[in-house]
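What follows is one structure encoded as structure tokens, with my remarks underneath.
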Amino acid sequence: MFEPRIDPRPGDPAWPEAIWPVPEGTRLTGPNVELSFPSDGDAEGLFAALDHDAVWAHVRGRPSSAEDVRATLAAANAAGRWPWIVRQAGAIVGTTSYLEVSPVDARLEIGFTLYAPSVWGTVVNPECKLLLMTWAFEVAHMGRVQLKTDIRNARSQQAIARLGATYEGVLRRYQRRQDGSVRDTVVFSVLAEEWPAVKAGLLERVS
């Protein structure tokens, strides 16, 4: 028999509406990576960095040219996605995005994250998440940041868990894959009250 869930925060105060959008020209910079909004000249470098079968194994929409990348980036905001270009030592090594943004509900998602295989398992991903979540929680005053991945992508699930995000469950038959099948999607989140501990863990990893 189903047991109804109990509100874990019955005394919640009113939460402020989040600040959005990210101001034009914003750069998020850490010791190892820099995140900036894309420009026309970034398409070639991003296409070259991500033109590997392994990168697109669990992600729909692989581009066939730099021009495809340029068109996708240009249309991203209209589709509800705010992409960032990730650089390490000045070289483009990937992209990540804010999406599913709801300022009135003070929540957003970090997703569509793709890195060159050469930086997998390095400081790049935790530092990107540190920069993006710092802006979301400490500048925009978000109350929730969520992260999702394909249930077949064990590497991504493990990487999200290592960030300190909380596993929430599985959305069944949620999203179509490139091959036409429909994936189950694994959901994680970080809440504002959890952020200080998550941030401390990320800072330790980055340092």
Check your understanding: Given the residues Ala79, Ala91, Ala74, which is the only one that is small (Gly, Ala, Ser) and either at pLDDT below 95 or within 24 Å of Gly180 (Cα to Cα) (or both)?
Key -> Ala79
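Report those strands (runs of 3 or more DSSP E) wholly inside the range 53-137 carrying at least 1 residues which are touching a Ser or Thr at 6+ places or on another chain (Cβ under 7 Å) and aliphatic (A, V, I, L, M). Walk me through how you get there before you give the answer.
Numbers: elements: 81-88, 91-102, 107-115.
Answer list for the range 53-137: 81-88, 107-115.
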Practice item. Looking only at the range 167-205, count how many residues are in a helix (DSSP H, G or I), crowded, with 17+ Cβ neighbours inside 10 Å and among the hydrophobic types (A, V, I, L, M, F, W, C). Key: 3
Check your understanding: Ala91 is checked against (1) in contact with a Gly (Cβ under 9 Å, 6 or more places away or on another chain); (2) within 16 Å of Leu147 (Cβ to Cβ); (3) surrounded by fewer than 17 Cβ atoms within 10 Å (Cβ to Cβ); (4) not basic (Lys, Arg) and fails just one. What number does that condition carry?
Key -> (2)
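When you check Gly164 against the structure, is it small (Gly, Ala, Ser) and part of a loop (DSSP other than H, G, I, E, B), yes or no? So that I can check it myself, show each step before the final result.
Numbers: small (Gly, Ala, Ser): yes; part of a loop (DSSP other than H, G, I, E, B): yes.
The answer is yes for Gly164.
Which residues, counting only those in the range 138-161, are within 25 Å of Val104 (Cα to Cα) and either outside any strand (DSSP E or B) or not basic (Lys, Arg) (or both)?
The initial filter retains those residues of the range 138-161 that are within 25 Å of Val104 (Cα to Cα), namely 138-149.
Glu138, Val139, Ala140, His141, Met142, Gly143, Val145, Gln146, Leu147, Thr149 - these are the residues of the range 138-161 that are within 25 Å of Val104 (Cα to Cα) and either outside any strand (DSSP E or B) or not basic (Lys, Arg) (or both).
The values are calculated or read from the model by the stated rules, or taken from the named source; none is laboratory data. Everything numeric in this text was worked out from a predicted model, so none of it was measured. A quick note on method: Cβ atoms are made from the backbone with ideal geometry, for glycine too, and the neighbour counts reach across all protein chains shown.
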